1. How many Lys pairs in the stretch 48-174 lie less than 17 angstrom apart by Cα atoms, where the lysines are 8 or more positions apart or on different chains?
2. With a sphere of radius 12 Å drawn around the Cβ of Gly85, what net charge do the other residues whose Cβ falls strictly inside it have (Lys, Arg +1; Asp, Glu -1)?
3. List the lysines whose Cα sits under 17 Å from the Cα of Lys33, skipping any in the same chain fewer than 8 residues away.
4. Give, as a single signed number, the net charge of other residues whose beta carbon lies under 13 Å from the beta carbon of Asp172, with Lys and Arg counted +1 and Asp and Glu -1.
5. Taking the Cα centre of the stretch 48-174 as the origin, how large is its charge dipole in debye, to the nearest 20, when only Lys and Arg (+1) and Asp and Glu (-1) carry charge on their Cβ atoms?
6. Given the DSSP H assignment, sum -39500 (n - 2.57) over each helix run of at least 4 residues in the chain and divide by its residue total; what's the result at 222 nm in deg cm²/dmol, nearest 500?
7. In whole Hz and in residue order, list the ³J(HN,Hα) couplings for the stretch 14-19 that follow from phi through the Karplus curve 6.51 cos²θ - 1.76 cosθ + 1.60, θ = phi - 60°; x for Gly and Pro.
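Bear in mind these aren't lab numbers, they're just calculated from the coordinates by the rules spelled out. Note that the coordinates shown come from a computational prediction; the quantities given were computed from them, not determined experimentally. Every residue, glycine among them, receives a Cβ derived from its backbone with ideal geometry; neighbour counts consider all protein chains shown.
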Amino acid sequence: MPQAIDPNIFVKVPCFLTGKLVWDTDRERIRQKLAKYLVNDLGYRVEDFQLDREIRFEIDGKTIVSLVDLTVNIDGRSLMILRGGPGSVITREAGTVAAARLLEPDYIIPWAVQANLFDASFIDVKKKKAVGYGWDAIPSRKKLLELTKNWPPPKLPESRIPLERQILYSYDTHG
């Protein structure tokens, strides 16, 4: 859940993708590192990214807002999400899978990345399973297009939506 930023602790730095000033938080450092790596080393284009896409839902009468740090969207198709946070990438995978399963109403986003500053997990969302670890496991733009050539991916069954929301809520509010 988005938290207020204390301007006495953090400073602002330019965003690699937008040029706008953003708060220099752990989450933002990870996003900036991911964005630079994806563009400079893996062939993605700045226009391939959507930032801070929101997933909104209600639990116990409260509106919950979860953010997806980066969404790779090519030709109008969301192909992969990337979320960053400090700590173990393995312990955050289930929340990232839930986000990829909920973000688009018409289909499950097929691939996801959970990253910290030093490690990443590349996740097959349909199988809910990491298929590689390390920053080098993140596919290039060309490879991602190959991995997603069979379009569209399946839609999330209606019966799974409450469970995925509960998982995302648990990870994003309780760690």
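1. 4
2. Combined, the nearby Lys, Arg, Asp and Glu give -1.
3. Lys12, Lys20
4. Residues close to Asp172 contribute a combined charge of +3.
5. 360
6. -8000 deg cm²/dmol
7. In residue order, the calculated couplings are x, 6, 4, 7, 10, x Hz.
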